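Only one structure is covered here, and it is reproduced in the block below.
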Amino acid sequence: MSSVTGNPVNRLRHHIRRNRRKFFSRKAWKVRLVFWAGAVLVGLSCALFAALADRADEAFHRLVALGWWVPLVLTPLVMTGLAWATRNIFPGSQGSGIPQTIAALQSRRKGVVLSLRIAIGKILLTLGGLMVGASIGREGPSVHVGASIMYSLGRYARFPAHYMERGLILAGGAAGIAAAFNTPLAGIVFAIEEMSKSFESRTSGLVTIAVVIAGVTALVVLGPYHYFGSSEAFMPDAVSWFAIPVCGVIGGLLGGLFATALLVGTRRLAPVVRRRPYRVAFICGLVVAAVGYLSDYSSSGTGYAAAKAIIQGEAAWDPMFPITKITSTIASYLSGIPGGIFAPSLATGAGVGANLGHWLPLAPLSVMVMLGMVGYFAGVVQSPLTAVIIVMEMTNNQAMLLPLIATAFIAYGVSHLVCPQPIYQALSLAFLGSEKAEDDTARARARGAG
């Protein structure tokens with residue numbers, strides 16, 4: 001037996017020397033510097049995306065001011081053009097971007113759905129959709145952008161395989177959420193709960209570092225802010241706790257029905273989209289414009305302003321807001337253009353909570369709005385912890401933590417009965433399915449050639 005393996009002191013010295021060499025090696029520092037630079041780039045990209053998305057929303061409302069008929073003409077035409085650009089210039093950029101990121105974690109050909117070209121297209125086309133009133137969000141696309149940036153830098157730097165397989169994609173996606181919402185804790189929880197069902201210890205450090213660096217970068221660019229301002233809602237008495245099961249059941253049911261409608265619509269329209277994609281985009285654009293006109297355009301855009309006004313108690317009560325927002329969001333998604341459902345779902349949930357607060361005033365309206373928001377959002381994404389952390393961080397309210405947790409898990413259970421498969425996991429199968437079909441075709445050709 002050698003002195004190194006036989007003596008505990010020698011083993012410890014050998015271990016220290018090996019770790020020291022590894023820490024100071026040129027290869028290790030190359031990996032660290034590229035990774036840190038990537039996290040900064042993700043933070044800058046998502047911060048710029050956030051600022052430009054707000055400008056795009058404002059540009060749409062200036063468009064509406066030109067005449068009530070302008071969006072009815074422009075929205076379907078532009079959405080058709082965006083659908084063409086998505087298919088022909090930036091293929092792989094359609095939809096939320098979270099399904100592509102999840103698919104990339106399991107795919108052998110990650111570059112098909114993750115690249116700098118796709119990241120650029122995701123930002124540009126999402127902004128184009130917001131400028132004509134599509135009901136889409138930038139948070140899901142921010143996940144896609146973050147994962148694409150980190151994966152692409154890893155390829156160029158020739159990172160080790162274990163970094164490339166999961167760590168960079170998870171870290172980039174989590175950093176995207178952290179920078180988009182200014183919710184660093186939510187970024188970490190989202191990576192664990194939604195994007196990776198088997199979170200490994202060696203990737204946890206990558207994700208944490210990326211979230212911190214990207215979050216700090218976005219904070220430097222945008223300044224300290226809370227997405228929906230600060231809410232002082234709290235449970236004032238024992239009766240108000242009865243609002244938890246009400247908001248959990250109704251929010252979860254509506255969220256599950258929305259997810260089911262989106263999944264069924266995507267599957268049913270798939271054959272039509274393959275034959276006539278631009279006709280589908282034009283019709284969806286007409287629906288978005290018509291619903292926007294009927295709702296005085298409260299259903300248009302991310303829903304950020306509407307949700308913030310509801311949470312702050314500054315909005316006039318509109319019982320139809322959840323219905324118009326849901327309809328516009330489904331039409332926007334089915335059009336095939338890039339855009340997420342995070343922000344529209346949070347806005348819809350705020351509307352659901354406001355309705356419950358007026359029809360079943362079991363708790364103060366501010367409490368009902370927060371519980372409705374977390375219940376509906378948890379019902380849509382079926383990631384209850386992510387829903388809780390996002391709502392808590394975005395409203396700067398820790399007093400509602402326990403009620404939010406209880407509501408989210410009730411909503412998750414109810415939603416699972418309506419929609420057994422989580423929406424992002426189900427949507428990711430379309431990308432994995434196309435890869436499997438290509439593999440089957442290649443094998444068939446190889447057999448034919450043989």
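Among residues of segment 87-117 being surrounded by fewer than 24 Cβ atoms within 10 Å (Cβ to Cβ) and β-branched (Val, Ile, Thr), the one that is farthest from the chain's Cα centre (by Cα) is 89. When segment 395-420 is examined, which residues are found to be touching a residue at least 12 places away in the same chain (Cβ under 8 Å), over 13 Å from residue 374 (Cβ atoms) and not hydrophobic (A, V, I, L, M, F, W, C)? 396, 413, 416, listed by residue number.
Yes or no, residue by residue, for (1) at pLDDT below 95; (2) of a type outside the set (A, V, I, L, M):
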| position | (1), (2) |
| --- | --- |
| 341 | yes, no |
| 364 | yes, yes |
| 371 | no, no |
| 378 | no, no |
| 387 | yes, no |
| 391 | yes, no |
| 402 | yes, no |
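For segment 321-328, indicate whether the set of residues that are polar (S, T, N, Q), more than 19 Å from the chain's Cα centre (by Cα), surrounded by fewer than 19 Cβ atoms within 10 Å (Cβ to Cβ) and in the same structural domain as residue 259 (by TED's automatic domain parsing) is non-empty. Checking segment 321-328: not a single residue is polar (S, T, N, Q), more than 19 Å from the chain's Cα centre (by Cα), surrounded by fewer than 19 Cβ atoms within 10 Å (Cβ to Cβ) and in the same structural domain as residue 259 (by TED's automatic domain parsing).
Considering only segment 329-432, give the helices (runs of 4 or more DSSP H) lying wholly within it that have at least 1 residues that are under 20 Å from residue 101 (Cα atoms).
Working: elements: 342-359, 365-381, 384-395, 401-418.
Of the helices (runs of 4 or more DSSP H) lying wholly inside segment 329-432, those with at least 1 residues that are under 20 Å from residue 101 (Cα atoms) span 342-359, 365-381, 384-395.
Take the residues in segment 261-295 that are of a type in the set (A, V, I, L, M) and farther than 30 Å from residue 420 by Cβ; name whichever of them is surrounded by the most Cβ atoms within 10 Å (Cβ to Cβ). Across segment 261-295, the extreme among qualifying residues is 289. Being more than 19 Å from the chain's Cα centre (by Cα), among the charged types (D, E, K, R) and assigned to a helix (DSSP H, G or I) is a condition met by no residue of segment 235-249.
Residue by residue, here is whether (1) assigned to a helix (DSSP H, G or I); (2) under 22 Å from residue 326 (Cα atoms) holds:
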position: 39; (1), (2): yes, no
position: 53; (1), (2): yes, yes
position: 62; (1), (2): yes, no
position: 117; (1), (2): yes, no
position: 135; (1), (2): no, yes
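Do we have any residue at all in segment 332-354 that's free of Cβ contacts under 8 Å to residues at least 60 places away in the same chain and surrounded by fewer than 24 Cβ atoms within 10 Å (Cβ to Cβ)? No, segment 332-354 has no match at all.
One residue stands out in segment 224-234 among those that are under 22 Å from the mean Cα position of the chain (by Cα) and either modelled with pLDDT of 80 or more or not hydroxyl-bearing (Ser, Thr, Tyr) (or both): the one that is surrounded by the most Cβ atoms within 10 Å (Cβ to Cβ), namely 228. Checked against the criterion of being among the charged types (D, E, K, R) and either modelled with pLDDT under 90 or under 27 Å from residue 395 (Cα atoms) (or both), segment 111-121 has no qualifying residue.
Listed here are the residues, each with its yes/no results for (1) touching a Lys or Arg at 6+ places or on another chain (Cβ under 6 Å); (2) surrounded by fewer than 24 Cβ atoms within 10 Å (Cβ to Cβ); (3) modelled with pLDDT of 75 or more.
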| position | (1), (2), (3) |
| --- | --- |
| 174 | no, no, yes |
| 190 | no, no, yes |
| 194 | no, yes, no |
| 203 | yes, yes, no |
| 209 | no, yes, yes |
| 214 | no, no, yes |
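The values are calculated or read from the model by the stated rules, or taken from the named source; none is laboratory data. Quantities reported herein were computed from a predicted structural model and do not represent experimental measurements. All Cβ positions, glycine included, derive from the backbone under ideal geometry; neighbour counts span all protein chains shown.
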